[in-house]
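J.: The structure that follows is given in the form of structure tokens.
The values are calculated or read from the model by the stated rules, or taken from the named source; none is laboratory data. Bear in mind that the values here come from a model prediction, so they are computed numbers and not experimental data. Glycine gets a Cβ as well: all are built from the backbone with ideal geometry, and neighbour counts include every protein chain shown. Remember, those area values only see protein heavy atoms, side chains included, never the ligands or the DNA or RNA. Shrake-Rupley method; radii C 1.70, N 1.55, O 1.52, S 1.80 Å.
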Amino acid sequence: MTSSMNNLDLHDLGVAELAAQLAAGTVSSVEVTQHFFNRIQQHSALGAFLAVDLDVSLTQARAADARLAAGERTPLLGVPLAHKDVFVTRDFPTTAGSKMLENYRSPFDATVVSQLASAGMVSLGKLNCDEFAMGSGNENSAYKPVQNPWDTSRVPGGSSGGSAAAVAARLVPAATGTDTGGSIRQPASLTGITGIKPTYGRCSRYGMVAFASSLDQAGPMARSALDCALLLSAMAGPDPDRDSTSLDMPAVDYAADLSAASAQAGAKPLQGLRIGLPTQFFGAGCAPDVLAAVQGALAEIEKRGATLVDVSLPLTELSIPVYYVIAPAEASSNLSRFDGVRYGHRAAHYTDLTDMYKKSRSEGFGDEATRRIMIGTYVLSHGYYDAYYLKAQKIRRLIAQDFQTAFAQCDVIAGPVSPTVAWKIGEKGDDPVASYLADIYTLSSSLAGLPGMSVPAGFGAGGMPVGLQLIGNYFKEAQLLGAAHQFQLATDWHQKAPGVSA
Ligand code: GLN
């Protein structure tokens, strides 16, 4: 071990730091993998993981060590991560947080999973999430809720709550997540980590269990913008044979861009960057403690040379009803494949085919998935389609146009991610609409297909983390990561760890 590691445990190191140690040969991938595996066992009460398999992980780690020994030096080689359980994997079961897929094994890996594996990352297993990624608190997991490592009586956010809790508690240096209406950004915000939802289509959706296909997008969750950049460089890119909605744009080396930007001498690092603040994101709906942290972060960004300008996203409020029509509509269609015949759960006793469908689906789906199937089927049905689904699609277009009007005045839009810090487990349990309302700041950019990220920005009520949201125009992931990286060079919010991480 090098002297730099004397005072640090392996789990204190982020992706870039671990990769450096692995490349220098001061530690092996097998040692790193074993270390994180032990931590996962030690902190299993958090509920972050749904599946681990040490043999599988060690096999991957040994393969990475062999590549390192052969002289290969790539940025993620030998570094462990874990995947949200909506990415299908050959080596681990995939449940999407649902009883419907209990013990399901995919015959293939999701594109994102195989890209990260080819880059040499070692999978530590599968991470808990809301059932079919439907939720904002991870309480809709059919298996167990996830605890927020900053306060185990609170939710970690959702639907990528397992990913967020695992990264925050230092059980993994990085994780994959998916974001349909905020599920990377919001749990990142509520657990004090960094996460980026790329432009819709930037990462392949092949092998992601589908929720709302026109919104679903994969992205990385890690401790810093730099670590997210390293993962995104491996995850992004076209997948023309398997996902026709994947963008025909080559992956970018986002991490190299960050170092290049940091190396520029002279002007302040964010000089010339115009940050737009939508008035609708800073109103009475946002808790004062969250606003205070976000304002503090913006002041820091301003000090680094950016200018703050007021912009307007007038249809922000409508993003909730619009999303909660469109997402359930698409979900009702996507979830029709779970019929007890082709995938997953089949009822043990039934009288005929229709009875088998009914029983298998009623037993397999939890309350929230059932609610959304019913809403989605309703808004798509003859007689209601025009009034709900078509109307929602029209407003979706207007929401996207409002962003373009705003981007005429600014380069990046900033605001809170979530109107409050993490809430108590059970607090919103029997009121789905209370959860839906908490998505107010993330839904509109999802509907528009824009990239967005959450960057740790301080702490609010109860000592709980608060994230700053940065939203970019299409394909501007590099600009978002660059701004976040500069912010993280000047602040240490992203380095704070909850007590459980000791
Ligand atoms: N909270 C939102 C929902 O429940 C978003 C979920 C997501 O992004 N997967 O649908």
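J.: Which of (1) closer than 30 Å to S360 by Cβ; (2) away from the ligand (no atom under 16 Å from the Cβ); (3) assigned to a loop (DSSP other than H, G, I, E, B); (4) among the β-branched types (V, I, T) does V113 not meet, given it meets every other one?
T.: (3)
J.: Is the range 175-189 home to any residue that is more than 15 Å from the ligand (Cβ to nearest atom), modelled with pLDDT of 95 or more and surrounded by 24 or more Cβ atoms within 10 Å (Cβ to Cβ)?
T.: no
J.: Let me ask something else. Check A457, A484 and return the single one that is touching a strand residue (DSSP E or B) at 6+ places or on another chain (Cβ under 8 Å) and more than 22 Å from S159 (Cα to Cα).
T.: Sole residue among the options that is touching a strand residue (DSSP E or B) at 6+ places or on another chain (Cβ under 8 Å) and more than 22 Å from S159 (Cα to Cα): A484.
J.: For the range 53-73, which residues satisfy the criterion of being within 17 Å of F36 (Cα to Cα) and either polar (S, T, N, Q) or surrounded by fewer than 18 Cβ atoms within 10 Å (Cβ to Cβ) (or both)?
T.: Answer for the range 53-73, where residues must be within 17 Å of F36 (Cα to Cα) and either polar (S, T, N, Q) or surrounded by fewer than 18 Cβ atoms within 10 Å (Cβ to Cβ) (or both): D53, L54, D55, S57, L58, T59, Q60, R62.
J.: Need the failing condition index for N103 against (1) at pLDDT 95 or above; (2) over 18 Å from A165 (Cα atoms), just the number.
T.: (1)
J.: Does T89 count as modelled with pLDDT of 95 or more, more than 20 Å from L231 (Cβ to Cβ) and hydroxyl-bearing (S, T, Y)?
T.: Considered against the rule, which asks whether it is modelled with pLDDT of 95 or more, more than 20 Å from L231 (Cβ to Cβ) and hydroxyl-bearing (S, T, Y), T89 comes out as no.
J.: Within the range 459-502, which residues are crowded, with 20+ Cβ neighbours inside 10 Å and basic (K, R)?
T.: Hit for the range 459-502 is K476, nothing else.
J.: Quick one: would you say T194 is β-branched (V, I, T) and either within 22 Å of S213 (Cα to Cα) or within 11 Å of the ligand (Cβ to nearest atom) (or both)? If you could, list the steps in order and put the result at the bottom.
T.: Numbers: β-branched (V, I, T): yes; either within 22 Å of S213 (Cα to Cα) or within 11 Å of the ligand (Cβ to nearest atom) (or both): no.
Against the criterion (β-branched (V, I, T) and either within 22 Å of S213 (Cα to Cα) or within 11 Å of the ligand (Cβ to nearest atom) (or both)), T194 does not qualify.
J.: Restricting attention to the range 352-383, which residues are of a type outside the set (G, A, S), under 24 Å from V433 (Cα atoms) and open to solvent by less than 90 Å² (accessible area, probe 1.4 Å)?
T.: Answer for the range 352-383, where residues must be of a type outside the set (G, A, S), under 24 Å from V433 (Cα atoms) and open to solvent by less than 90 Å² (accessible area, probe 1.4 Å): R361, F365, E368, T370, R371, R372, I373, I375, T377, V379, L380.
J.: Go over the candidates H345, H349, H382 one by one and state the one that is within 16 Å of E330 (Cα to Cα) and not in a helix (DSSP H, G or I).
T.: Going through H345, H349, H382 in turn, just one is within 16 Å of E330 (Cα to Cα) and not in a helix (DSSP H, G or I): H382.
J.: For residues that are in contact with a strand residue (DSSP E or B) (Cβ under 9 Å, 6 or more places away or on another chain), open to solvent by less than 10 Å² (accessible area, probe 1.4 Å) and outside any helix (DSSP H, G or I), scanning just the range 139-168, find the one that is farthest from the ligand (Cβ to nearest atom).
T.: Once the filter is applied, the top-ranked residue is N148.
J.: Filter the range 417-442 down to residues that are within 12 Å of the ligand (Cβ to nearest atom), crowded, with 17+ Cβ neighbours inside 10 Å and of a type in the set (G, A, S) and give me whichever is modelled with the lowest pLDDT.
T.: Result: S435.
J.: Find all pairs meeting these conditions: Cβ atoms under 9 angstrom apart; at least six residues apart or on different chains; first residue within the range 424-449 and touching a residue at least 12 places away in the same chain (Cβ under 8 Å) and more than 16 Å from G182 (Cα to Cα); second residue within 12 Å of the ligand (Cβ to nearest atom) and among the hydroxyl-bearing types (S, T, Y).
T.: K428/S136; K428/S435
J.: Select from the range 69-83 the residues that are on the phi < 0 side of the Ramachandran plot and touching a Ser or Thr at 6+ places or on another chain (Cβ under 7 Å) and list them in ascending order. I'd like the intermediate steps shown before the answer.
T.: Restricting attention to the range 69-83, the residues satisfying the condition of being on the phi < 0 side of the Ramachandran plot are 69-70, 72-77, 79-83.
Passing the criteria: P80, L81, A82, H83.
J.: From R361, R346, grab the single residue that is basic (K, R) and either within 13 Å of the ligand (Cβ to nearest atom) or in contact with a Phe, Trp or Tyr (Cβ under 9 Å, 6 or more places away or on another chain) (or both).
T.: Going through R361, R346 in turn, just one is basic (K, R) and either within 13 Å of the ligand (Cβ to nearest atom) or in contact with a Phe, Trp or Tyr (Cβ under 9 Å, 6 or more places away or on another chain) (or both): R361.
J.: Which condition does V322 not pass, out of (1) on the phi < 0 side of the Ramachandran plot; (2) part of a loop (DSSP other than H, G, I, E, B); (3) out of contact with any Phe, Trp or Tyr (no Cβ under 9 Å at 6 or more places or on another chain); (4) open to solvent by less than 40 Å² (accessible area, probe 1.4 Å), if it passes all the others?
T.: So the condition that V322 fails would be (2).
J.: Conditions: (1) away from the ligand (no atom under 13 Å from the Cβ); (2) part of a strand (DSSP E or B); (3) in contact with a Cys (Cβ under 9 Å, 6 or more places away or on another chain). G219 meets all but one. Number of the miss?
T.: (1)
J.: Out of S454, S446, report the one residue that is at pLDDT 95 or above, of a type in the set (G, A, S), more than 17 Å from A392 (Cβ to Cβ) and buried (at least 19 other Cβ atoms within 10 Å of the Cβ).
T.: Selected residue: S454, the only one of S454, S446 that is at pLDDT 95 or above, of a type in the set (G, A, S), more than 17 Å from A392 (Cβ to Cβ) and buried (at least 19 other Cβ atoms within 10 Å of the Cβ).
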